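The values are calculated or read from the model by the stated rules, or taken from the named source; none is laboratory data. Keep in mind that what you see is a predicted model, and the values were worked out from it rather than measured. Note that each Cβ is placed from the backbone with ideal geometry, even for glycine, and that neighbours are counted across all protein chains shown.
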């Protein structure tokens, strides 16, 4: 199996020893994205709605780098620092999946990288 690193300047650079995404065959494994604006490096954490939109934009740009979009996503994992924000997060998340949303879990965690409130990873298939 051929493994290809997927990278784009339109999503934040990895902040550790990992790739933005790996394409293995027809399956794309996207690393967790947080709400860093790729152009400015600014971290959005003051509003969960804006934070979630930025995470989803980052995911979208990684998907585009692999010639995919949200319709290719088959699985997502959402890590939330405060489950009381679940409804707001879910409203934003749902707006990116018009039909046939992927399988998913959403779990509350105590700490996320750079003290963010949400991190989302996805798996997509061509």
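Structure notes:
- Considering residues of the stretch 34-62 that are within 16 Å of residue 123 (Cβ to Cβ) and out of contact with any strand residue (DSSP E or B) (no Cβ under 6 Å at 6 or more places or on another chain) only, the residue surrounded by the most Cβ atoms within 10 Å (Cβ to Cβ): 56
- One residue from 105, 119 being under 15 Å from the mean Cα position of the chain (by Cα) and loosely packed, with under 12 Cβ neighbours inside 10 Å: 105
- Taking the listed residues 28, 23, the one that is within 23 Å of residue 102 (Cα to Cα) and under 13 Å from the mean Cα position of the chain (by Cα) is 28, with no other qualifying.
- The listed residue being out of contact with any helix residue (DSSP H, G or I) (no Cβ under 7 Å at 6 or more places or on another chain), touching a residue at least 40 places away in the same chain (Cβ under 8 Å) and either in a helix (DSSP H, G or I) or farther than 20 Å from residue 10 by Cα (or both), out of 31, 71, 77: 77
- Residue match in the stretch 15-22 (condition: touching a residue at least 60 places away in the same chain (Cβ under 8 Å), touching a helix residue (DSSP H, G or I) at 6+ places or on another chain (Cβ under 6 Å), surrounded by 15 or more Cβ atoms within 10 Å (Cβ to Cβ) and assigned to a strand (DSSP E or B)): no
- Among the residues of this structure, residue 110 does not count as one that is in contact (Cβ under 8 Å) with a residue 40 or more places away in the chain and either in contact with a strand residue (DSSP E or B) (Cβ under 7 Å, 6 or more places away or on another chain) or farther than 22 Å from residue 6 by Cα (or both).
- Check on residue 11, surrounded by 18 or more Cβ atoms within 10 Å (Cβ to Cβ) and either free of Cβ contacts under 8 Å to residues at least 12 places away in the same chain or more than 21 Å from residue 102 (Cα to Cα) (or both): yes
- Taken residue by residue, the stretch 85-100 has no member that is at pLDDT 95 or above, touching a strand residue (DSSP E or B) at 6+ places or on another chain (Cβ under 6 Å), more than 20 Å from residue 3 (Cβ to Cβ) and surrounded by fewer than 18 Cβ atoms within 10 Å (Cβ to Cβ).
- Filtered residue count, the stretch 90-125, keeping only those that are under 19 Å from residue 11 (Cβ atoms) and part of a helix (DSSP H, G or I): 4
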